[in-house]
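Trainee: Sharing a structure below in structure tokens format, with a few things to ask.
The values are calculated or read from the model by the stated rules, or taken from the named source; none is laboratory data. It should be emphasised that the depicted structure is a prediction, and the values quoted were computed from it without experimental measurement. FYI the Cβ positions are ideal-geometry reconstructions off the backbone, even for glycines, and counts take in every protein chain you see. Please note that ligands, DNA and RNA were not included when accessible areas were found on the heavy atoms of the full protein model with its side chains. Shrake-Rupley method; radii C 1.70, N 1.55, O 1.52, S 1.80 Å.
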Amino acid sequence: MAGGSGERFWPLSRIAKPKHLVALLSEMTLLEDTVKRVEHTLPSSHIFVLTNAAQIDGCRAVLPHLKAHQFIAEPAKRDTAPACALGTALVRNLDPDAVVVFLPADALIKDAATFGAQLKAAAALASKHDTIVTFGIRPNQPSTRFGYLQAGAALPESTANCPFFAVEKFVEKPDAPTAEKYLKSGKFFWNAGIFLWRSGTFLKEAKRLKPELAEFVEEFPKKDFEAYLSEKFAALPKISVDYAIMEKASHVTVAEARFDWDDMGSWTALPAHLPADEHGNTLRGTVATHNSKNNIALSHGRLIALCGVSDLIVVETNDTILVCHRDAAEQIKHLQPKLPDKVR
């Protein structure tokens, strides 16, 4: 799932070039990294990229080894539930018994081997049982940025390398005291936004919870689906798959992730993955500092000079300069409506 609107990593990301198409940490974009990771487990021909018209050329450019039909442009922005219905319909037409895996294109996972082994185990569980499988990240801090899920009893299929638990409930992003309780309980996971199911399992839940999604999947044509997609997709409800399906589904299983994971939610995620100087500054490009600490500064041409400042985010591109306090990183998304169209 490679959508997004390029808000959180502006000005390096834009509407047509959101964070999964930006080389944030290396020469490779997050989308390339995601596909490469999956290719350790699945053949390239089994990978589809769901994006939108503004980003499809960018996705194709960074993944030239994938064929044209493996890139699907959603004709309207409808959130993750319609995207999941579309992905399910595509795979159902190829193999109605196959397990569909939905992966965000912008998550950072470095341990590809463990990820691949757990993905196989989760797919095996989803193929044998009428359950939706998701991955949960054990929290290491009381974060209020993520949705949580509460794990119940361990399942017989659990192993030391891939524990499975029944999901008791999904909960929305909590306030700080609630997040602290979740962390201390040891029974809650962050929702990683990775889902697996057979098309029949999805249809069973969708018919009960969101019949429009089930109808869209069942009537999806096997060939030449562009006209159908153009006509029907925009009419689907704009809702996340968590709200539409996951929170009310009859059977949901969580696999506890044994791999590292970061959703790369804002500029403040970078220091955990890039080297810092002796004053805690994370710097890329041409940057000079004096008496400055705990800053994040990225130059893409012109010199950035920091003097006597702390806890700033400074990003320079050929047409913009962002200066933001680290504590306001989550507010950058609110800038986009106020920007000139040419730099959005």
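Trainee: Out of every Cα-Cα pair in the chain, what percent are more than 33 Å apart?
Mentor: 30 percent
Trainee: Let me ask something else. Rounded to whole Å and sorted largest first, list the principal axis extents of the Cα atoms in region 15-132.
Mentor: Answer, in whole Å and largest first: 39, 33, 24 Å.
Trainee: Taking 30 Å as R0, compute the FRET efficiency from the Cβ-Cβ separation of Ser26 and Ser250 and round it to 0.05. Walk me through the numbers before you get to the answer.
Mentor: Values: r = 42 Å, r/R0 = 1.39.
Given R0 = 30 Å and the Cβ-Cβ separation, E is 0.10.
Trainee: Expressed in nm to one decimal, what extension gain is obtained for the pair His334 and Ala73 from 0.36 nm per residue of sequence separation less their Cα-Cα distance?
Mentor: Difference between extended and current length: 91.4 nm.
Trainee: Tell me, what is the per residue accessible area of the chain in Å², probe radius 1.4 Å?
Mentor: Values: 16150 Å² over 344 residues.
Value for the chain: 47 Å² per residue.
Trainee: With r defined as the distance between the Cβ atoms of Phe225 and Ala16 and R0 fixed at 30 Å, what FRET efficiency is calculated, to the nearest 0.05?
Mentor: E between Phe225 and Ala16, to the nearest 0.05, is 0.80.
Trainee: Could you give me D for region 299-341, from Stokes-Einstein at 25 °C and 0.890 mPa s, where the hydrodynamic radius is the Kirkwood radius over C-alpha pairs? Units µm² s⁻¹, please.
Mentor: Answer, rounded: 209 µm²/s.
Trainee: Scan around Gly285 for amide H atoms under 5 Å from its own, H built in the peptide plane at 1.01 Å from N, and keep only partners 5 or more places away or cross-chain.
Mentor: Ser299
Trainee: Using 0.36 nm per residue, how much length does the chain from Asp277 to His46 gain when fully extended, once their Cα-Cα distance is taken away?
Mentor: Gain on stretching Asp277 to His46: 78.9 nm.
Trainee: Could you look at region 212-265 and say what percent of its accessible area is carbon and sulfur, using a 1.4 Å probe and all protein chains?
Mentor: Of the solvent-accessible surface of region 212-265, carbon and sulfur hold 47 percent.
Trainee: Would you please state the base-10 log of I(q)/I(0) at q = 0.13, 0.15, 0.16 1/Å for region 125-282, with intensities from the Debye formula using one equal scatterer on every alpha carbon?
Mentor: Cα-only, vacuum Debye calculation for region 125-282: -0.75, -0.92, -0.99.
Trainee: Right, here's the next one. Which of these, Lys210, Lys169, Lys181, has the largest mean-square fluctuation under a Gaussian network model of the chain (Cα springs below 10 Å)?
Mentor: So, out of Lys210, Lys169, Lys181, the one fluctuating most is Lys181.
Trainee: Quickly estimate the mean residue ellipticity at 222 nm for the chain, helices only: each DSSP H run with n ≥ 4 gives -39500 (n - 2.57), and the total goes over all residues, rounded to 500.
Mentor: Roughly -7500 deg cm²/dmol at 222 nm, from the helical runs in the chain.
Trainee: Only four residue types carry charge here, +1 at the Cβ of Lys and Arg and -1 at the Cβ of Asp and Glu. Report the dipole size of the chain about the Cα centre in Debye, rounded to the nearest 20.
Mentor: Approximately 180 debye in magnitude.
Trainee: Can you work out the Karplus-derived ³J(HN,Hα) for every residue in region 112-123? Use 6.51 cos²θ - 1.76 cosθ + 1.60 with θ = phi - 60°, whole Hz, and x for glycine or proline.
Mentor: Calculated HN-Hα couplings, in order: 5, 5, 5, 4, x, 5, 6, 5, 4, 5, 5, 5 Hz.
Trainee: Okay, next question. At 7 Å along Cα-to-Cβ for each site, give me the label-to-label distance between Ser127 and Asp311 in nm.
Mentor: 5.1 nm
Trainee: Moving on. Most fluctuating residue of Phe225, Phe202, Phe115 in a GNM of the chain with Cα springs under 10 Å: which is it?
Mentor: Phe225
Trainee: Can I ask one more? Could you tell me which of rounded, prolate or oblate describes region 249-344, using a ≥ b ≥ c as the square roots of the eigenvalues of the alpha-carbon gyration tensor, with rounded for a/c under 1.5 and, failing that, prolate when a/b is larger than b/c and oblate otherwise? Present the calculation step by step, with values, prior to reporting the outcome.
Mentor: Working: a/c = 2.57, a/b = 1.48, b/c = 1.74.
Since a/c reaches 1.5 but b/c is at least a/b, the shape of region 249-344 is classed as oblate.
Trainee: Express the carbon and sulfur contribution to the solvent-accessible surface of region 53-170 as a percent, rounded to the nearest whole number, probe 1.4 angstrom.
Mentor: That share works out to 54 percent.
Trainee: So, one more: Any idea how far apart Thr286 and Asp263 come out in nm if each label point goes 7 Å out from Cα toward Cβ?
Mentor: Here the answer is 3.8 nm between the modelled labels.
Trainee: Over region 37-154, what relative contact order in percent results from Cα pairs under 8 Å that are six or more residues apart? The partial results should precede the final answer.
Mentor: Numbers: 66 pairs, mean separation 26.4, N = 118.
With pairs under 8 Å counted, the relative contact order is 22 percent.
Trainee: On a full-extension model of 0.36 nm per residue, what is the gain between Ala234 and Arg208, subtracting their alpha-carbon distance, rounded to one decimal in nm?
Mentor: Working: separation 26, 0.36 × 26 = 9.36 nm, distance 2.11 nm.
That works out to 7.2 nm of additional length.
Trainee: So, one more: List the equivalent ellipsoid semi-axes of region 1-67 in whole Å, largest first, each obtained as the square root of 5λ for an eigenvalue λ of the Cα gyration tensor. The partial results should precede the final answer.
Mentor: On the way: eigenvalues 84, 35, 17 Å².
For region 1-67, the semi-axes come out at 21, 13, 9 Å.
Trainee: Say the dipole of the chain comes from +1 at the beta carbon of Lys and Arg and -1 at that of Asp and Glu; which of Val309, Gly3, Ser44 then lies farthest toward its positive end?
Mentor: The listed residue farthest towards the positive side: Gly3.
Trainee: In this model, which of Lys67/Lys173; Lys238/Lys333; Lys223/Lys342; Lys128/Lys248; Lys248/Lys338; Lys173/Lys204 are farther than 30 Å apart at the alpha-carbon?
Mentor: Check vs 30 Å cut-off fails for Lys67/Lys173; Lys223/Lys342; Lys248/Lys338.
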